[in-house]
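Report on one structure; see the data block that follows.
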Amino acid sequence: MSMREISYLQALNEALHEEMARDMDVFIMGEDIGLGKGTLGVTEGLRHEFGPERVRNTPISEQALVGAALGAALTGCRPIVELMFIDLLGVCMDQVANQVAKVTYMSGGKARPALVIRTQEGVGLGLAAQHSQSLEAWLVHIPGLIVVAPSTPFDAKGLLKTAVRDDNPVFFIEHKLLYSLKGPVPEEEYLVPLGVADIKRKGRDVTIVATSHQVQYALAAATTLALEGTEAEVIDPRTLNPLDVETIAESVRRTHRLVVVNEGCRTGGYASEVAATLGEHVFEYLDAPIMRVAAKDAPIPANLQLEREVVPKEEDILTTVRQMVGSSGW
Amino acid sequence: MSNKESTMADLTKEELLGMYRQMHRIRAFEMAVYDGVQRGVIAGGPHLYVGEEAVAVGVCTTLRPMDYITSTHRGHGHLIAKGGQLKPMMAEILGKATGYCKGKGGSMHIADLNLGILGANGIVGGGLPTAVGAALSSKLKQGGWVVASFFGDGAANTGSFHESLNLAAAWKLPVIFVCENNTFAMFTPMEWTTAIKDLSARAAAYGMVGTTVDGNDVLAVYRAAVEARERALAGEGPTLLECKTYRFLGHYVGDPEDYRKPGEVEMHKKNDPLPRFEKVLIEAGMINKELMQQMMAETRQEAKEALEFALSSPDPDPSELTMDVRRPFKPLGDLERVSYIVEEGVG
């Protein structure tokens, strides 16, 4: 398989180009897409290649967009909605939680809401409290939604292509600090399965489960820890719901320690969910309590220095792992 | 020739009697649900359509099987008018395994994609965006279908209404927005919450045609829906069709109904859409008392049998509880690649 290095953004763009070329039922709609690069840049070139009918620049009406995607999906299309920021969930949550997520169940399995809502989350650009959150915890709480958050160009492309083809509604969460990240992506077509975690680094002493951009910090921390004689295994769930519990559990049974890293708020956060689930599965294998590394329970501040402090970073992961490995268990 | 007569001329006797029967069927069904609640065999406080039958029948008579509707919490009438069968509907209302949605949807979430019923909806205004999307799909796939989206005067004050009408108009989508103005948003009369008298006036703000009709006159509703449908199919975009009607029963069965003025219901019952249509049919010599009594008795029998069917149907198996939450992921075949590379480290 021949590889080349491309960015996360390019990988997503390629996935969209390929899926739209492959299937006429796929179309995309969102705000400011199709005019030049668009705000996020992920949709660059699509309107030129596929035309304004299939690449639709929309009014600022997130509720109508998400609901329209549902209506289009129920009548045979495979829509992709670009939600410019995950923070906009607040204005379309009825459509996400009450309509899109529940229609399969409410219809007794007859409805086929084959749609993808692409969005991006996270800190990094000084965009403050309403444009920097990580809200996956809101989404994984809703049965029926598939929630995906890729951390590498390889995963981004493969998972987006799979999401477009799947018959479930997929909430696809990108991260603003990952768009420029480069990594190997095959020239040939491939698909990454939903619901399957990926071990990003093998290790024997501690398991670090990290999501989205935090995978980068976890890998950096693992490199530092290796110099100290601690081999960390880094696992990215990739699909946040349904969670691939077994891959993580199998790892913890070997390492006997688990740290969960997530950029969302600590209280009621995604890290809490992973920690609780794994606690139920592998408690008897643990040599130390499961630890969470998550954002402080505060809105994201505008000040860049404070913004760096509010969410986890490499040092926070290192501190937690060192304490855990250094302690004599319980 | 008056409008009414010209509309009659469009419709055959068979079609007119079919509409009449459908209106009776809806009323009989709703009264059977009402009785079921009184008898304690139906839970969930269903929202009944009694008094509003002319709207659903008038609009749905213009639709073909390939056309779609979205409905509301007060949706039984829309579903019957679009071809929903009474037995699986009643079974769904009772939460039985034989219901349209295996008993998991209930009164407010009945859907049958094969009949073009995209779903009733428990959220006021929740179905409008779905209708816009189904109409977008018609345009993209050149499917030729139109979408009728039913909602009430209450929904006309939601953000979802605004976003949906604007988007449908901007993209000239084939939607008929059917506003059933039944005077009350839940318990609250419209004049308390809304400064305008005719909600169809809002259409102008979105750049679409808006019409207000007597929603208790099934032929007036039909006529307006035909025009809306023609506009939709001609690529001229959506229509806001306001049908003024009145809810004879409470917001849900069991509501205290203490918000009505004295004598209000009695006054509106003089305007009951069923006797009004009967009068038109009698004057046209299409129906007599005997045939009317027969249709009423037949539809009541159908509704009774639907309730009996539902009562004798099994509950869903407990194993169903977590089924249909999502579909199994599709197999990916040869293209599947779980992982690119694992970073170095000691396993």
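The values are calculated or read from the model by the stated rules, or taken from the named source; none is laboratory data. These numbers were taken from a predicted model, which means no experiment stands behind them. Virtual Cβ from ideal backbone geometry, glycine too; neighbours counted across all protein chains shown. Areas reflect the complete protein model, heavy atoms only, side chains present, ligands, DNA and RNA absent. Shrake-Rupley method; radii C 1.70, N 1.55, O 1.52, S 1.80 Å.
Quick notes on this one:
- Yes/no for B:I176 being assigned to a strand (DSSP E or B), touching a residue at least 24 places away in the same chain (Cβ under 8 Å), buried (at least 24 other Cβ atoms within 10 Å of the Cβ) and more than 13 Å from chain A (Cβ to nearest Cβ): yes
- Across the range B:231-259, the number of residues qualifying as at pLDDT 95 or above, in contact with a Gly (Cβ under 9 Å, 6 or more places away or on another chain) and open to solvent by 40 Å² or more (accessible area, probe 1.4 Å) comes to 3.
- Of all residues making up the range A:169-198, the number that are in a strand (DSSP E or B), more than 7 Å from chain B (Cβ to nearest Cβ) and closer than 16 Å to A:V215 by Cα: 5
So that you can scan it fast, the table gives a plain yes or no per residue for (1) more than 19 Å from A:V103 (Cβ to Cβ); (2) open to solvent by 10 Å² or more (accessible area, probe 1.4 Å):
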| position | (1), (2) |
| --- | --- |
| B:L48 | yes, no |
| B:G51 | yes, no |
| B:R64 | yes, yes |
| B:H78 | no, no |
| B:I93 | no, yes |
| B:G103 | no, yes |
| B:H109 | no, yes |
| B:D112 | no, yes |
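- A:F154 being farther than 25 Å from B:G116 by Cα, open to solvent by less than 30 Å² (accessible area, probe 1.4 Å) and assigned to a helix (DSSP H, G or I): yes
- Scanning the range A:243-268 for residues that are in contact with a Lys or Arg (Cβ under 9 Å, 6 or more places away or on another chain), closer than 30 Å to A:R118 by Cβ and open to solvent by 30 Å² or more (accessible area, probe 1.4 Å) yields A:C265, A:R266.
- Counting the residues of the range A:229-240 that are closer than 14 Å to A:R322 by Cβ and either modelled with pLDDT under 95 or among the aliphatic types (A, V, I, L, M) (or both) gives 1.
- Checked against the criteria, B:D35 does not count as of a type outside the set (V, I, T) and within 14 Å of the chain's Cα centre (by Cα).
- Flag for A:G229 being assigned to a loop (DSSP other than H, G, I, E, B) and at the interface with another protein chain (Cβ under 7 Å from one of its Cβ atoms): no
- Within the range B:281-308, tally of residues that are under 22 Å from B:E92 (Cβ atoms) and open to solvent by less than 50 Å² (accessible area, probe 1.4 Å): 4
Matching residues to (1) out of contact with any Cys (no Cβ under 6 Å at 6 or more places or on another chain); (2) charged (D, E, K, R); (3) at the interface with chain B (Cβ under 8 Å from one of its Cβ atoms); (4) open to solvent by 10 Å² or more (accessible area, probe 1.4 Å):
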site	(1), (2), (3), (4)
A:A21	yes, no, no, yes
A:V26	yes, no, no, no
A:V42	yes, no, no, no
A:H48	yes, no, no, yes
A:A72	yes, no, yes, no
A:V81	yes, no, no, no
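- Residues that are more than 20 Å from the chain's Cα centre (by Cα) and touching a residue at least 12 places away in the same chain (Cβ under 8 Å), drawn from the range B:39-63: B:V41, B:I42, B:A43
- Just one of the listed residues (B:G103, B:G127) is on the phi > 0 side of the Ramachandran plot and touching a Leu at 6+ places or on another chain (Cβ under 8 Å), namely B:G103.
- Within the range A:102-123, being of a type in the set (D, E, K, R) and under 24 Å from B:M108 (Cβ atoms) holds for A:K102, A:K110, A:R112.
- Note on the range B:2-114: enclosed helices (runs of 4 or more DSSP H) holding 3 or more residues that are within 14 Å of chain A (Cβ to nearest Cβ) are B:86-93.
- Restricting the range A:159-202 to residues that are of a type in the set (S, T, Y) and open to solvent by less than 10 Å² (accessible area, probe 1.4 Å), the residue that is nearest to the chain's Cα centre (by Cα): A:T162
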